[in-house]
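> I'd like to ask you about the structure that follows.
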Amino acid sequence: MMNQSGMIVQPGQQVQNGMMNQNGMMVQQGQEFQQQDNMVDQQQGQFQTEGSLVVNPLVDPNSVPVDSTMVAPGAEQLQTSGSLASPDEVPPPEDPAVIEPLAEEPATKPVAEAVAIPEAEAEAEPEIQDGGDSDKMRLLDNFKDAWEPWDKSDRPVFFHIPKSGGSTIKDVMGTCHRFIMASEAGVTDGHIEDTEVAVVYPRVGVEGASLSPFINVDTTTVAGIQRAKEMRFADSGLGDAVVTPFIYESNDLFTQTAKGRLFCVFRHPIDRAISLFYYLQVAEWEPTYDPDLKNWSIEQYATSPKIENNWLTRQLSNQLGGDLAEEHVNLAMEVIRRKFLVGLMGEMKETMTRLERFFHWTYRVNPANQEICRDDLLSGGSNSNAKNKKDKPQPGSEAYDLLAAQNQYDLQVYGYIEQLFKEQEQFF
């Protein structure tokens, strides 16, 4: 069943008044924003892995164009440990002198030459299969199709999948590219009580580092997305990127004149399931932590109610409960084909290069240091749980087969994603 936060919970399990902490996991209302010392970016992380979507009615508020280009020059010093630098058109925090600013280089260094996706690609794509699926596709009509050319009013929207390299992408966008992002961090430090959309500097993250700018909305919960819509987030024109696990609800944050552009980093479903299990064994900071998992085997986990069942297919097809069928797999593939720029965790550098080309992301503060920041994060990753590495079940083993049975549809979808990753190369 689903609780009021849109999470699928097992019988006897309740997560009430859910919101996500800075590591992307669901926490109870009023619970403090958690910090982890071993994170590269204390403000980024994974959201609750059992999170689910709840379809909201479409509401298209009037909007003004949104500029998704880079943060302006003059930002604070680059902090590769996880802090964002503020743009000079945004008021700095009261005590900006914590860290000496970097000397700004006058030249703008583009990451790569931007290449627009040709509109002709749309005509070559096959028609989607109907039977109600087209109605769900219309629930995403405020997101541009993948083959449409980029426009400066487009807002990048990162669909964050747990344990799939999402923290690294968020850190590169925030720490290296200096983006002002809409995520869970914007409502910390009392900003949940704000009544108007604004750029804020919540006092979270690395102590002594320059405060990082966020939009004062939480786009990682269903309730937070509804609040952002009521505050007319679409009309504000603020923010360089949005992070969310809820694509159907997030459609309401955009309009026909200021659309979102979905992108994501995907991971092989079995590898993701194994990584998630090892994470849950040690994640004592999570409100849903179960100490019994410490002594479980993967085989026990794979046959228990705690295991995810075809998480990706359910999220993309909006089929959160009940049985799945081929029609849901087809819809999930169609959503990816129509709406997503796809990346792969195993091709992280290539993925980031493609995103930088498409979205016209350039370094404007201190290109040399920003490039180092990017390379360090893409090489080492964020939130890797490296201290808890264990042997991985191999194909043909009992554990692997049990996990495959819980991800049979996700395996089909991922196979299509790998093919699409190769095909989308021509767009960049």
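> Rounded to two decimal places and with Rh computed the Kirkwood way over Cα pairs, what is Rg over Rh for the range 206-314?
Values: Rg = 18.3 Å, Rh = 17.2 Å.
Rg/Rh: 1.06.
> Quick one: ranking 163, 259 by accessible area, 1.4 Å probe, largest first, what do you get?
From most accessible down to least: 259, 163.
> Between residue 141 and residue 419, what is the FRET efficiency for a Förster distance of 22 Å, r being their Cβ-Cβ separation, to the nearest 0.05?
0.30
> Counting Lys and Arg as +1 and Asp and Glu as -1, what is the net charge of the other residues whose Cβ lies under 12 Å from the Cβ of residue 302?
Summing Lys and Arg as +1 and Asp and Glu as -1 gives -3.
> Write out the GluC sites (Glu not before Pro) in the range 237-338 meeting two conditions: DSSP loop, and at most 16 other Cβ atoms within 10 Å of their Cβ.
Listed in order of number, the matching sites are 284.
> Provide the FRET efficiency to the nearest 0.05 for the residue 289-residue 405 pair, computing r from the beta carbons and using R0 = 22 Å.
0.30
The values are calculated or read from the model by the stated rules, or taken from the named source; none is laboratory data. This one's a predicted model, so the numbers in the text were calculated from it and none came from an experiment. All Cβ positions, glycine included, derive from the backbone under ideal geometry; neighbour counts span all protein chains shown. Keep in mind that these areas ignore ligands, DNA and RNA; they rest on the heavy atoms of the full protein, side chains included. Shrake-Rupley method; radii C 1.70, N 1.55, O 1.52, S 1.80 Å.
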